[in-house]
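Comments concern the structure below.
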Amino acid sequence: MAPQLTLQAPIEMSPQEVPAYLNRLWSDHLQDSNGASTFTLVVWEPSWLQQQLIRTGRADGPLSGLLNDELLEAARRASSELGLPTGTAPTAPQLAWALGQQPGAHRFEDLRGQFVDRAISAHQPRRLITLAPTLAEDQQLQSMVAAYCPLPEERGTNNDACGDVVVLRGGMGAMSQGLSMLQELIPSDLPCWVWWNGSMDESPELLEGLATVPRRLVVDSSIGEPRRCIDLLAQRIALGQAVNDLNWLRLRTWRESLAMVFDPPSRQKALDQVVQLDIDVEGQHPVKGLLLAAWIADRLGWHLVSSFWVEGTGPEERGIGAEFQRSDGQSVQFRLMPVPVGVSKVHPGALVGLRLICAPPNRSPLCVILCSESGGCMRLEAGGVASMELAEDVVPLPNESEEMEMARLLGGGHDSTNPLMAAAVALAAKLLPS
């Protein structure tokens, strides 16, 4: 957490007492410290993976809700021990579920909501509410309240930068029952962000109740069943809600790298002559690859003709194919295929490589290959590209946490959905076959 002055040390109280207590906190106990006029951040923080790793003795406590290198390494070891498919991402819900079938009863201190990343704390939220469901489904709802201010030397000219922290902890049933009380904690006169920091499959009723318009929703479409992820994004955007997807934000360097390839004037016209697009991803989670393909198609004005499943050489290698039509009526073939990897990246469906083939008239075809690592280019270099003009590059992958990405969103103050993402999501939903 950024340097803080504790105004009200963390205290536990009955959940029913929280709304009234917070109302009294600033008017009675802290009348000399004004609450910040910024925003409310509500975080769904199940941390199932960390809970299961600690419970089974594969990681040390306390439970913070924050990912780190040690935790990810423990997750990868557990994935191998449990016989999950090679390349399973450490944050994949399948791993947390598999760990849940293993014995173990290690106890741990639960500090979720009290470890606030410095990048988020720097934006001085007026109220930070963390919903922390527990593995014990029958655990009753518990609550904790605290209040903080930046230290005087950190405040600058903003004297109204203080805020409070609320943590609600309990079983899934208790979380659902506490939803109505939670609504009282969200000030109606301030912007509210809802960060669903978990699988988009779980607790749809709770997500529906939390992420009501005009609250701004932040999700990660790499976590959850692909159809559910892409449809939920599309539905929320269609409702006019401000939606941000961390999975989309991770495409930033891929979009920038592809744009730079076509910066030279000699290549710009080749974009009108694309005939083939191939994308490789890790594992059976295609959403990120579909979002990238949809962004390319939308920017180049392609029309989707059809999409279909493509059978690979094994049961874990089913891909997606599609045919697009360019504005001049010519066809563009698209393939998205899962490829095996030795060490998976943090999130399911990470991009391995992209190949774009252009066939300008009266000149050699142009083949553009981007890959996330040197080995990722090898498969895409096959298939006759030796006779083409080749432009090849490795995409720099940002090593930023979800908290850093979330802080970037908070800093931008976005109250609407990125129009490029909105267009890509609508097309990606059609690209994913039924």
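The values are calculated or read from the model by the stated rules, or taken from the named source; none is laboratory data. No experiment lies behind these values; they were computed from the predicted model shown. Positions of Cβ are backbone-derived with ideal geometry, glycine not excepted, and every protein chain shown enters the neighbour counts. For accessibility, only protein heavy atoms count, side chains too; no ligands or nucleic acids. Shrake-Rupley method; radii C 1.70, N 1.55, O 1.52, S 1.80 Å.
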Checklist entry - Out of (1) at pLDDT 95 or above; (2) farther than 26 Å from residue 225 by Cβ; (3) open to solvent by less than 60 Å² (accessible area, probe 1.4 Å), what's the single condition that is false for residue 78? => result (2)
Item to check | Scope segment 88-104; condition open to solvent by 20 Å² or more (accessible area, probe 1.4 Å) and either modelled with pLDDT of 95 or more or under 30 Å from residue 23 (Cα atoms) (or both); matching residues | outcome: 91, 93, 94, 97, 100, 101, 102, 103, 104
Checklist entry - Looking at residue 266, is it exposed (fewer than 15 other Cβ atoms within 10 Å of the Cβ) and at negative phi? => result yes
Checklist outcome for this item: Checking 319, 342, 353, 329 in turn, the sole residue that is over 18 Å from residue 262 (Cβ atoms) and open to solvent by less than 10 Å² (accessible area, probe 1.4 Å) turns out to be 319
Checklist entry - For segment 295-305, does any single residue satisfy the condition of being open to solvent by less than 80 Å² (accessible area, probe 1.4 Å), outside any helix (DSSP H, G or I) and in contact with a His (Cβ under 8 Å, 6 or more places away or on another chain)? => result no
Next on the checklist: For segment 408-434, give me the residue count where each residue is at pLDDT 90 or above and outside any helix (DSSP H, G or I).
Outcome noted: 4
Item to check | Within segment 342-377, tally of residues that are under 23 Å from residue 326 (Cα atoms) and of a type in the set (D, E, K, R) | outcome: 2
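Listed here are the residues, each with its yes/no results for (1) among the small types (Gly, Ala, Ser); (2) open to solvent by 10 Å² or more (accessible area, probe 1.4 Å); (3) not in a strand (DSSP E or B).
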site	(1), (2), (3)
190	no, yes, yes
194	no, no, no
202	no, yes, yes
233	no, no, yes
Item to check | The lone exception for residue 67 - which of (1) assigned to a loop (DSSP other than H, G, I, E, B); (2) in contact with a Phe, Trp or Tyr (Cβ under 9 Å, 6 or more places away or on another chain) it fails | outcome: (2)
Checklist entry - Hey, residue 400 hits all of (1) at pLDDT below 85; (2) within 23 Å of residue 262 (Cα to Cα) but one; which does it fall short on? => result (2)
